[in-house]
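Reviewing the structure listed below.
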Amino acid sequence: AAPRYLCWSQRGCVTARPEESGLEFAFEIEHFAEGVARTRTTRFVDRRDFKVASLGAKGCVLATIGDDDDVNAPSILHFRPLDAWARDGGWSATLPPGELANVVCAGDDFAAAFTSRDLLRIYSTGGVEDAVVATLGPTVACAAHGRRLAVAYHQGPPHDERQRLCVQVLDVEARKAENGSGTPLPLPTGATLTWLGFKADDGVLLAGDSAGTFWML
């Protein structure tokens, strides 16, 4: 079967494919380390069917979607540290029943999950849940750079076929928002957000839409 891409960024990519047994999944993480000639590739097999992932400076966070109607199928987060592939399988966290992981993001020293209950859960790279805060609306996308976490969310329902999105930037270490409730994203009529990310060199936040426009935020 062709691999599914769970993540693709300047840091690397994460792919998944079912094993021949049909009971397990093979995951492959390619890390484009700076100053390293060869791409660092790691593979592992897991019974959990991770659907989303994000690659940070110190590791990769993955999540299963789960089923809010089945208490036996919770949403699970899993973090794999980059500096200890051979001796440490990382940590996992199970979300409360009925709460599903929609979007995940890995920063330099944290892993974050935005959930179906409009909550942001922030974990240390060691697995400690540092904070649980309410978001300002349903999450569309997120991105991380260093200690900063950007989230695009629905400010309200669409109006005249225009999405009403805002992008809020959080300083995770200082536990504060850098731009209040967020910066409105002026998407054209009928357009949707297709990409959100920080430039690797200077940390400038950029967004791209389905109309082919890039925005500097």
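The values are calculated or read from the model by the stated rules, or taken from the named source; none is laboratory data. Keep in mind it's a predicted model, so treat the numbers as computed, not measured. Heads up, the Cβs are rebuilt from the backbone with ideal geometry, glycines too, and the neighbour counts pull from every protein chain shown. Keep in mind that these areas ignore ligands, DNA and RNA; they rest on the heavy atoms of the full protein, side chains included. Shrake-Rupley method; radii C 1.70, N 1.55, O 1.52, S 1.80 Å.
The table for this structure:
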quantity: Spin-label model distance (nm) - VAL132 vs ASP83, 7 Å beyond Cα toward Cβ; calculated: 3.0 nm
quantity: Accessible area (Å², per residue) of region 92-154, counting only protein heavy atoms and a probe of 1.4 Å; calculated: 37 Å²
quantity: Table column - 3J(HN,Hα) (Hz), region 7-21, Karplus curve with 6.51, -1.76, 1.60, x for Gly and Pro; calculated: 7, 8, 8, 5, 7, x, 8, 10, 10, 9, 8, x, 6, 4, 5
quantity: Residue-by-residue Karplus 3J(HN,Hα) for region 41-50, coefficients 6.51, -1.76, 1.60, Hz, glycine and proline x; calculated: 10, 10, 10, 8, 10, 8, 6, 7, 8, 5
quantity: TYR5 accessible area, 1.4 Å probe, all protein chains in place, Å² to nearest 10; calculated: 140 Å²
quantity: Surface per residue (accessible, 1.4 Å probe) for region 161-213, Å²; calculated: 50 Å²
quantity: Long-range HN-HN contacts of GLU178 with modeled amide H, under 5 Å; calculated: VAL169, LEU170, ASP171
quantity: Fraction of accessible area attributable to carbon and sulfur, the chain (%, probe 1.4 Å); calculated: 49 percent
